[in-house]
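Every number here is computed from the coordinates shown, using simple stated rules; none is lab data. The model shown is predicted, which means the values in this text are computed figures rather than measured ones. Virtual Cβ from ideal backbone geometry, glycine too; neighbours counted across all protein chains shown.
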Amino acid sequence: MDQSNDEGAGMQISSESRNVLELFPISGNICYRIPPYQRGYSWRDEQIEQLFDDIRNEGSGYYAGNILLTGDTDSLSVIDGQQRLTTISLMLLAIGEKLISFSTIEAAIVLKGDIKRQLFNSNNEPRIQLLDQDQKIYVDLLGSLFDKHRKKWGNRSFYKRYRFIRGLLDECFDSFSSLNEFYQKLMETNLLRITVPDLGDAFNVFPSLNSKGLPLTLIDLLKGEFLSAAQKIGEQTNQTLTEWDSLSQVLSSDGEDTNTSVVTQFLLNNWDAFESDSSSSTTKTKALSQYQRLLKKKYSGGENYLQTLIRRAEVFARIIQLQDYPTDAYRLGKKLSDLRRLESTQALPLLMYLCTRQDELCLDDADLDEILDSLIAFYVRRNVVLSPKSSNIRARLIGVVRTLQNEKVFGSDIVALIQGALHDLSASDEQFRAALNQPIYDKNKTTARYILIALERNVGGCPTFDKGHPDSLDQFVIGPGGKSKPIWTIEHVLPEGHLPKWWVNDLANGNESRAEELQDELVHLLGNLTLTPYNSELGQKPFYSEDHPYDGSKRDYKDKQTNKFVGLRSGLFLNESIADVEHGELLESKRAWTADDIRRRNDVLADLVVNLYRLK
């Protein structure tokens, strides 16, 4: 047995390699229990088949991963590894059931009896105790080893996973000898069994575990902590589970399963916004022990902290635009959506605090509106300049929250406080302007697209759209494979990739190597970018074609069904600056797109962007 210490914590971890025969012995009372805070069995066919193929094709003693346990010798709680243990158990059950077809072979009868004893302990209890819904089906399936009639479980996912395993066995093994050979390899499969003293210690070893399975998350562990804390003050487990489910539903998209990453994000931001007294962010590792101490304090004081979290989660879901909220129900939704696109997660503790305590802080919607405008300007600048670092932003904005908690600051003074912090953090206008003279597309495509849309709306006024054709710049459609994609995408006027001869001529008078140099320098500049729903159709087409203008050029490309210009003459404000209008040039008569054009247009658009996103 290997004994090791977790650095800095003095945590004792015992670990030992165990094969499946030792984990599922033919005798003894060992029992693996899945705690109520765990998720149910969730492996899919792909993961099951991968483990099956590995056991079948790898050599004897194949290492199948880790299991993490707490408890005494016989009654063990499975903190991590439920998926592997359950899958192995189902493989054993499927082998046992398939052995029925070899009932004339004495060795098959003996093996079936051994598998019964492996799947049941000496007290005739199933050796694995799953969560309620899974356990009902599991116990019924185990009845096949005793020739009991099986219920119909239809489309229940646990039953479907078992049927998939049976199908693998039926497909691969048509004789007792081949099935027995797989059973022996399954018995020799090794797992690293890790035992830790308690739940808190378990969380500290997760980063090094579970390279193939589904790791337990902060949400799973905290669910157990809430159950424990609530029970100590007499609250019923069912009530706590119902409240926990309500929290999970608030933090899930409509009609979807619990998104553990969103719940984890909420819990970390909740701590930083409301429960911490530090400007440093908590981490997933720290959060478990922090919440353990907090829950004891809250529940011993009579506070139902889950109800508090549900109220805060409703605010958090609105901030990150998790669900489709009506605009009249949350007027600031559009700007919150813009912030989400700008990858502004460092501002979440501040936004949670402001939106949750808006009335106490005497903030009206106009104040919040101004704060959001300042945050949007800050993040556009930050994403272009690539400074300051995310950790510095978060620390400074959490510091603003601490100021609000400790000092009497209200209303417009809060707006000024936040604007001052953002101004101190942000790059100067000169640095911003210099960064806009560098390639922007390959720095941050999302921000580049956001800037182009903002220019079209706020400077140009969206001349392409009207009542019959509303603004669709932010809309998405479902593309191939069921993935959503924006209707309007970034178009490089001077294209990426290999340059056809017409572009070499426009750029460098036929000098291919010089044209490639200029392409490398200019292709991702803001001055070479525009928006179009026809990106794939425009591709490498020339800027202008005299012979085939309407289907062979970017400037004059037309939609065949509507016969409208949808290329660079689509009517977008963004495309007006393609022509040098200050010197009388018209887009409809412009015949080439040159390096000088790109640099000129970049200067024009950069000036507009600096003015649009100037910090107060």
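Residue by residue, what Karplus-based ³J(HN,Hα) values in Hz, rounded to whole numbers, does region 503-515 have, using 6.51, -1.76 and 1.60 with θ = phi - 60° and x for Gly and Pro?
Karplus-based 3J(HN,Hα) across region 503-515 equals 6, 4, 5, 5, 7, 9, 6, x, 7, 5, 5, 5, 4 Hz.
Among 453, 411, 608, which residue has its Cα furthest toward the positive end of the charge dipole of the chain, with +1 on Lys/Arg Cβ and -1 on Asp/Glu Cβ?
411
Using amide H atoms built 1.01 Å from N in the peptide plane, name the residues 5+ places from residue 121, or on other chains, whose amide H lies under 5 Å from its own.
Residues meeting the criterion, in which the H sits 1.01 Å from N, are 127.
Tell me, which longest segment in the chain has none of the GluC sites (Glu not before Pro) that fall in DSSP loops with at most 14 further Cβ atoms within 10 Å? Provide the component values of the computation, followed by the final result.
Values: sites that count: 7, 58, 256, 303, 343, 360, 407, 496, 546, 585.
With GluC sites (Glu not before Pro) excluded where exposed in loops, the chain gives 59-255 as its longest stretch.
If you find the alpha carbon centre of region 245-320 and of region 551-613, how far apart are they in angstrom?
So the two Cα centres are separated by 49 Å.
From the backbone phi of region 76-93, what are the Karplus-calculated ³J(HN,Hα) couplings (6.51 cos²θ - 1.76 cosθ + 1.60, θ = phi - 60°) in whole Hz, Gly and Pro given as x?
So the Karplus estimates, Gly and Pro as x, are 10, 8, 8, 7, 8, x, 3, 4, 5, 4, 5, 5, 5, 4, 5, 5, 4, 4 Hz.
Mind checking the dipole of region 436-612: about its Cα centre, +1 per Lys or Arg Cβ, -1 per Asp or Glu Cβ, Debye to the nearest 20? Let's see the in-between values first.
Values: 21 positive and 28 negative charges, 125 e Å.
Dipole size: approximately 600 debye.
Full-extension gain between residue 104 and residue 428, please, as 0.36 nm times their residue separation minus the C-alpha to C-alpha distance.
Numbers: separation 324, 0.36 × 324 = 116.64 nm, distance 8.49 nm.
So the extension gain works out to 108.1 nm.
Kindly work out what percent of the DSSP beta bridges joining two residues of the chain are antiparallel, to the nearest 5.
Values: 24 of 34 bridges.
Antiparallel: roughly 70 percent of the beta bridges in the chain.
For 244, 153, which order do you get if you count the other beta carbons within 10 Å of each Cβ and list the fewest first? Provide the component values of the computation, followed by the final result.
Details: 244 22, 153 16.
Arranged by neighbour count, lowest to highest, 244, 153 become 153, 244.
For region 495-604, state which trypsin sites (Lys or Arg not before Pro) are in a DSSP loop and have at most 14 other beta carbons lying within 10 Å of their beta carbon. Before the final figure, lay out each step's value.
On the way: sites: 501, 514, 554, 555, 558, 560, 564, 569, 590, 591, 599, 600, 601; in loops: 554, 555, 560, 564, 569, 590, 591.
Listed in order of number, the matching sites are 560, 564, 591.
What value, in deg cm²/dmol to 500, does the helix sum -39500 (n - 2.57) over DSSP H runs of n ≥ 4 give at 222 nm once divided by the residues of the chain?
Values: 26 runs with 308 residues, N = 616.
Only helices count here, giving -15500 deg cm²/dmol.
If you filter region 53-155 for trypsin sites (Lys or Arg not before Pro), then keep DSSP loop positions with at most 15 other Cβ within 10 Å, what is left? Could you put the intermediate results ahead of the total?
On the way: sites: 56, 84, 98, 112, 116, 117, 127, 136, 148, 150, 151, 152; in loops: 127, 148, 150, 151, 152.
Those that pass, being in a loop and sparsely packed, are 148, 150, 151, 152.
What order do you get for 88, 487 when you list them from fewest to most C-beta neighbours inside 10 Å?
Working: 88 22, 487 13.
Least to most surrounded, the residues fall as 487, 88.
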